[in-house]
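To keep things clear, I will list the structure first and then write my remarks on it.
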Amino acid sequence: MTATILDGNALAKKLRADFKTRAEALLASHGTRPGLAVILVGEDAASQVYVRNKVNACAQAGFHSEKILYAPDVEPQRVFSRIAELNADPKIHGILVQLPLPKHFDSDAVLKAICPGKDVDGFHAENVGALMQGHPRFIPCTPYGVMKFLAEAGIDLKGKEAVILGRSNIVGKPMAMLLMQASATVTICHSQTRDLAFHTRRADILVAALGKPRFVTAGMVKPGAVVIDVGINRLPDGKLCGDVDFAAVSEVASAITPVPGGVGPMTITMLLANTLEAAEREAR
Ligand code: GUN
């Protein structure tokens with residue numbers, strides 16, 4: 001079997017064209033341009049790239065954006081004060097603090113300082129609770145992008161075995177909630193899981209989000225499974241690869257996302273979706 005490759009760039013392009021049209025309509029009807037503020041603390045190279053891509057995506061969709069940079073040793077109080085200003089700023093509908101933060105920050109406290117109505121990452125405890133209760137205000141961008149992928153590919157999730165590798169707050173946990181709400185039977189595996197391959201081989205839908213290059217091999221995948229690769233790893237030669245051995249697994253799976261060009265572009269697309277949604281809600 002050779003898998004269908006789920007093209008994140010193509011789906012992202014289609015969705016972003018729609019968001020641009022909706023943003024223009026909102027500007028025409030209410031004089032409101034969707035606005036996103038992105039806060040980055042420190043000089044992590046990968047985070048710098050992600051933040052730049054987020055700001056560029058805003059510009060292309062006709063959104064307003066602000067990039068706010070701090071040195072790695074910044075006094076947390078300065079960041080809290082800035083978040084308070086952004087909470088009150090009518091030009092800003094979405095606020096995102098790029099994670100991870102330096103160790104001297106209490107990340108949960110920072111996320112809680114963001115007004116829940118502007119929390120376009122969906123990481124505020126109140127929004128995490130709303131997602132868990134089944135009426136999300138903002139769906140975290142990466143799992144949201146994965147669900148869009150599955151819907152676009154026409155994959156019925158009802159009664160399917162979904163296995164997630166990774167239990168992070170950013171991907172694994174919200175991914176489990178969304179798949180469960182779509183009536184899949186969900187297993188979350190993590191670093192302490194015994195006999196990982198036993199679980200992965202049962203998966204109709206396998207989501208890899210553990211941050212280990214090419215960890216998922218062909219022998220770990222059930223023939224015909226849908227494989228979603230959330231990993232973005234940089235190899236010693238500078239090339240990017242996912243958590244899945246793409247070449248081998250695409251011979252076994254029925255559908256697979258590549259890295260790059262799979263989930264990555266969809267994460268940023270769903271950030272635009274959430275920011276637009278926040279601006280439209282405010283205008284209603
Ligand atoms: N770091 C890695 N992924 C994300 C994300 O989706 N949002 C934020 N804020 N930080 C991240």
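List of remarks:
- For the chain, the fraction of 1.4 Å probe accessible surface lying on carbon and sulfur atoms is 54 percent.
- Centroid-to-centroid, using Cα positions, segment 43-79 and segment 99-158 are 18 Å apart.
- Label-to-label distance, nm, for residues given as ALA71 and ALA247 (7 Å Cα→Cβ offset): 4.6 nm
- Three-way shape label, segment 131-284, alpha-carbon gyration tensor, a/c 1.5: prolate
- For segment 39-92, the square roots a ≥ b ≥ c of the C-alpha gyration tensor eigenvalues yield an a/c of 1.5 or more together with a/b not exceeding b/c, which makes the shape oblate.
- Separation of alpha-carbon centers, segment 6-37 and segment 224-264, rounded to whole Å: 27 Å
- Annotation: lysines with alpha-carbon distance below 16 angstrom to LYS239 (same-chain offsets under eight excluded): LYS212.
- Sequence-separation-based contact order of the chain, relative, with Cα cut under 8 Å and 6+ spacing, percent: 23 percent
- FRET E, pair ARG201, ASP7, Förster distance 30 Å, beta-carbon r, rounded to 0.05: 0.70
- Shape of segment 90-131, Cα gyration tensor, a/c cut at 1.5: oblate
- Charge sum, other residues only, whose C-beta stays under 15 Å from LEU165's C-beta, Lys/Arg counted +1 and Asp/Glu -1: +2
- Packing order of peptides 53-64, 247-258, highest average first: 247-258, 53-64 (average count of other Cβ atoms within 10 Å over each peptide's residues).
- If you take all other residues with their beta carbon under 15 Å from the beta carbon of GLY231, and give Lys and Arg +1 and Asp and Glu -1, the sum is +2.
- Mean Kyte hydropathy of -1.0 or more with a Cα span along the axis of at least 24 Å, helices from DSSP in the chain: 8-30, 263-283
- Accessible area of the chain divided out per residue, in Å², using a probe of 1.4 angstrom: 46 Å²
- If you model the chain as an ellipsoid using its alpha carbon gyration tensor, with each semi-axis the square root of five times an eigenvalue, the axes come out at 32, 21, 18 Å, biggest first.
- Annotation: amide H of GLU161 within the under-5 Å range of THR185, ASP204, ILE205, sequence separation 5 or more or interchain, hydrogens built in the peptide plane.
The values are calculated or read from the model by the stated rules, or taken from the named source; none is laboratory data. All values reported here derive from a predicted model rather than from experimental measurement. Methodologically, a virtual Cβ is constructed for each residue, glycine included, from the backbone with ideal geometry; neighbour enumeration extends over all protein chains shown. Each accessible area value is taken on the protein alone, full model and side chains, heavy atoms only, with ligands, DNA and RNA left out. Shrake-Rupley method; radii C 1.70, N 1.55, O 1.52, S 1.80 Å.
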